[in-house]
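Structure record follows, encoded as structure tokens.
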Amino acid sequence: MDPGEAAILESSLRSVYRLSAPLPPLPSALPGGMNVIDHVRDMAAAGLHSNVRLLSSLLLTMSNNNPELFSPSQKYQLLVYHADSLFHDKEYRNAVSKYTMALQQKKALSKTSKVRPSTGNSASTPQSQCLPSEIEVKYRMAECYTMLKQDKDAIAILDGIPSRQRTPKINMMLANLYKKAGQERPSVTSYKEVLRQCPLALDAILGLLSLSVKGAEVASMTMNVIQTVPNLDWLSVWIKAYAFVHTGDNSRAINTICSLEKKSLLRDNVDLLGSLADLYFRAGDNKNSVLKFEQAQMLDPYLIKGMDVYGYLLAREGRLEDVENLGCRLFNISDQHAEPWVVSGCHSFYSKRYSRALYLGAKAIQLNSNSVQALLLKGAALRNMGRVQEAIIHFREAIRLAPCRLDCYEGLIECYLTSNSIREAMVMANNVYKTLGANAQTLTLLATVCLEDPVTQEKAKTLLDKALTQRPDYIKAVVKKAELLSREQKYEDGIALLRNALANQSDCVLHRILGDFLVAVNEYQEAMDQYSIALSLDPNDQKSLEGMQKMEKEESPTDATQEEDVDDMEGSGEEGDLEGSDSEAAQWADQEQWFGMQ
């Protein structure tokens, strides 16, 4: 050990153990021009955060026991590097505390430098030139606050930075925080500032479009870079496509993104395929949505974004084994995203395990409070458990986050209908019809509410006819029209409607309803065939199974009697299953800390 290092070590020992002998002065630098703070800085730059944490902790203790040991600027640096190491260890509250102490130290340092102005004949020391940026410290504090879900504190710390000193990442964080808080005007201003400094910041462009800024205005902010940088001719079309997305014009958005995706340079882009899949889903074209998700997944096996919607679609189709496999694969990729929890929640929901689905949805919201699919999952689970008012809160939050997604409104309207609030349901359905326009989906949604009131049955029929004129293969419209025909006992018309709908697609619900209609006209054999097809598509479809069992009992009374005897004998076993379900519900109810909204 050289003399300088020996002196520092001896000084440290005397300070920590409070030895009575006089302390030797701390050398300003080790041989080679480096002091101990320089070593801490180099380790931090090298990413040796655990080493920085240990050493800086010891050095700060030494400084507390002997304030003369380090200069004010050195102590400021130690506090910042120590706080950074805590941040990397995800100890955010502790990091905020140390960052706050660092800023107080910096403030005191600034006052000291004002009291002792430079004589003018000495150059600034290397130590003062490489002090950690106070603005960077505040940004790290804001990051800590967002991780702690203290958005107001994050906004307050970033607002304290003068506008001219805000870097693009500070403006981007501010824009996102303002948007989340519902403060649209300052959010737009911050996004525009990001684009002024970085005109190719595509996420900032999406942020502006989501806040109803016109596509033409956003495109004008990128015009210079498009004209001066080669191979960016696609950007204006990209902006146009996502402008359609955020205005709810799904068909034009699909066509525009398809035109982009067909260009050789952008073919097989995972983000574009994911956007297409989501748009097909919003448009009610589940078949094409699943195909696009599968295509994106093949190109990127580690894809997480959008997989929650993909899992939901698979669960709706009754492909629960595929949903389970998807959930396991996503958990292996990352359990710190909402998507794996939502996919597993969909599996539980469609397995009628609503308590577990509720827990998984709440866990997903805890990881990402902006996850629309998590809010919809939790809302649906609450509704099916009879907690309708709580479900309504979740569907309203989903609507706030995704005002162009029809399934958010469908969930809320279903809650209103469940609680017999037909008037509220009608008002909401009319608002959706006016806001999102007269398309097959909004017409069917309005017709669904009209079917609940005997006075508006004719209006429902007219709306459904309009919806089917626009999209003869729209399954929800076909189902509702079949329901109306069943009420009127027009079974032949219903059979014709369902056969026509099934000509170019195969759907469990449509096959099952066709089976019901065929039973009504005594076509038992074909009805049995339809129930069989429905069960092959979704083995868990209880109504198809009940229809098939009912037909078997009617065909063979003796067998039916025997089956009833067997059912009686197995009754205790069924009760045991139900008790198991109650036990499971109690188990998941113990997880109530996850259930609250963040």
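The values are calculated or read from the model by the stated rules, or taken from the named source; none is laboratory data. Note that the structure is predicted; figures quoted are calculated from it, not measured. Because the Cβ atoms are built from the backbone with ideal geometry, glycine has one as well, and the counts that use them run over all protein chains shown. What goes into the accessible areas is simple: the full protein's heavy atoms, side chains included, and nothing from ligands, DNA or RNA. Shrake-Rupley method; radii C 1.70, N 1.55, O 1.52, S 1.80 Å.
Points worth noting:
- Among the residues making up the stretch 154-188, those that are touching a Ser or Thr at 6+ places or on another chain (Cβ under 9 Å), open to solvent by 50 Å² or more (accessible area, probe 1.4 Å) and of a type outside the set (S, T, N, Q) are K179, K180, A181, E184.
- Test: residue in the stretch 251-262 that is open to solvent by 60 Å² or more (accessible area, probe 1.4 Å), touching a helix residue (DSSP H, G or I) at 6+ places or on another chain (Cβ under 8 Å) and assigned to a helix (DSSP H, G or I): yes
- Selection status of N504, touching a residue at least 60 places away in the same chain (Cβ under 8 Å), open to solvent by 60 Å² or more (accessible area, probe 1.4 Å) and polar (S, T, N, Q): no
- Flag: G274 does not match the condition of being open to solvent by less than 50 Å² (accessible area, probe 1.4 Å) and on the phi > 0 side of the Ramachandran plot.
- Test: residue in the stretch 153-167 that is of a type in the set (V, I, T) and within 21 Å of L401 (Cβ to Cβ): yes
- Inside the stretch 342-373, residues that are under 13 Å from K305 (Cα atoms) and among the hydrophobic types (A, V, I, L, M, F, W, C) make up a count of 3.
- Listed by position, the helices (runs of 4 or more DSSP H) inside the stretch 96-206 whose residues that are modelled with pLDDT of 95 or more number at least 2 are 134-147, 151-159, 168-180, 184-197.
- When residues of the stretch 277-294 are limited to those that are without any contact (Cβ under 8 Å) to a residue 24 or more places away in the chain and assigned to a helix (DSSP H, G or I), the one least open to solvent (accessible area, probe 1.4 Å): F293
- Residue match in the stretch 224-233 (condition: polar (S, T, N, Q), open to solvent by 30 Å² or more (accessible area, probe 1.4 Å) and on the phi > 0 side of the Ramachandran plot): yes
- The listed residue being over 21 Å from S544 (Cβ atoms) and modelled with pLDDT under 95, out of N325, N332, N368: N368
- If the condition is being in a helix (DSSP H, G or I) and more than 18 Å from the chain's Cα centre (by Cα), then the stretch 298-313 contributes M298, L299.
- Positions within the stretch 62-88 being surrounded by fewer than 20 Cβ atoms within 10 Å (Cβ to Cβ) and modelled with pLDDT of 95 or more, in sequence order: H88
- Residue in the stretch 286-302 that is among the charged types (D, E, K, R) and under 30 Å from R196 (Cβ atoms) present: no
- Residue in the stretch 319-341 that is over 26 Å from T444 (Cβ atoms), more than 18 Å from the chain's Cα centre (by Cα), without any contact (Cβ under 8 Å) to a residue 12 or more places away in the chain and in a loop (DSSP other than H, G, I, E, B) present: no
- Restricting attention to the stretch 435-467, the residues being open to solvent by 10 Å² or more (accessible area, probe 1.4 Å) and within 35 Å of the chain's Cα centre (by Cα) number 11.
- A single entry from L401, L360, L406 fulfils the requirement of being open to solvent by less than 70 Å² (accessible area, probe 1.4 Å) and at pLDDT 95 or above: L360.
- R356 being in a helix (DSSP H, G or I) and within 19 Å of Y409 (Cα to Cα): no
- For the stretch 310-325, a residue qualifies if it is of a type in the set (A, V, I, L, M) and open to solvent by 10 Å² or more (accessible area, probe 1.4 Å), and exactly one does: L320.
- On the stretch given as the stretch 506-523, residues that are assigned to a loop (DSSP other than H, G, I, E, B), within 44 Å of the chain's Cα centre (by Cα) and not charged (D, E, K, R) total 1.
- Filtered by the rule that a residue be under 22 Å from E317 (Cβ atoms), open to solvent by 20 Å² or more (accessible area, probe 1.4 Å) and not charged (D, E, K, R), the stretch 531-549 gives S532, I533, L535, S536, L537, P539, N540, Q542, L545, M548.
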